[in-house]
Amino acid sequence: MPNIQIFPYGITLREGGAVDVFPAAEVTFEVSKNERLTLFFIIDSGAAISALPKSDAPMLGIDAKSGILTNISGVGGNSVIGWTHEVAVGLGKYNLKLPIVFLDHSEAPRVLGRAGLFNRYTIIFEETKHRSSFMDNSTKESRKIAKIVDGGAS
């Protein structure tokens, strides 16, 4: 099997019993030598950078305000301040460092954005199967996908 990580979509229950599904990924953080914490993130190709609410920082052992002050614009042009950190994470079997901004907004969703991620992996959203896959760009399968997208034969 190629170097690929598959994540099932997340599920949210809405008022009235409606069910929403969305692209999601399990992201793991090492919070101490023998302890890991897993959080679920929305995979958001429209987000330039990954983001968490500032309230998540202490449980990850991070002082949010010690990062680089960052101003983030969201949907509708609303602006939120945050602090950017380079954070070691696990994304399934992949280990990498991602820039993550801790937003000064208590209701901010956990978002997995493009920076440090989309340039490393071929990411496929399979809406009909309610899953997303991350494939290392260096694999022959990833190169085949690129060739198909570029209009070449398989």
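Odds and ends about this structure:
- Tally, over region 56-103, of residues that are of a type in the set (S, T, N, Q), surrounded by 11 or more Cβ atoms within 10 Å (Cβ to Cβ) and touching a Ser or Thr at 6+ places or on another chain (Cβ under 6 Å): 2
- Restricting region 105-154 to residues that are at positive phi and surrounded by 11 or more Cβ atoms within 10 Å (Cβ to Cβ), the residue that is nearest to the chain's Cα centre (by Cα): GLY116
The rows are residues; the columns are (1) over 16 Å from the mean Cα position of the chain (by Cα); (2) closer than 26 Å to GLU35 by Cα; (3) in contact (Cβ under 8 Å) with a residue 40 or more places away in the chain.
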site: ILE49; (1), (2), (3): no, yes, yes
site: PRO58; (1), (2), (3): yes, yes, no
site: SER66; (1), (2), (3): yes, yes, no
site: LEU69; (1), (2), (3): yes, no, no
site: GLY76; (1), (2), (3): yes, no, no
site: ILE81; (1), (2), (3): yes, no, no
site: HIS85; (1), (2), (3): no, yes, no
site: ALA88; (1), (2), (3): no, yes, yes
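- In region 21-38, the residue that is modelled with the lowest pLDDT out of those that are within 11 Å of LEU60 (Cα to Cα) and out of contact with any Phe, Trp or Tyr (no Cβ under 7 Å at 6 or more places or on another chain) is SER32.
- Checklist (1) surrounded by 15 or more Cβ atoms within 10 Å (Cβ to Cβ); (2) at pLDDT 90 or above applied to ASN3, failing item: (2)
- Only one entry in LYS93, LYS144, LYS129, LYS97 is farther than 15 Å from PHE41 by Cβ and in contact (Cβ under 8 Å) with a residue 24 or more places away in the chain, namely LYS93.
The values are calculated or read from the model by the stated rules, or taken from the named source; none is laboratory data. No experiment lies behind these values; they were computed from the predicted model shown. Glycine also receives a Cβ, built like all others from the backbone with ideal geometry; neighbour counts cover every protein chain displayed.
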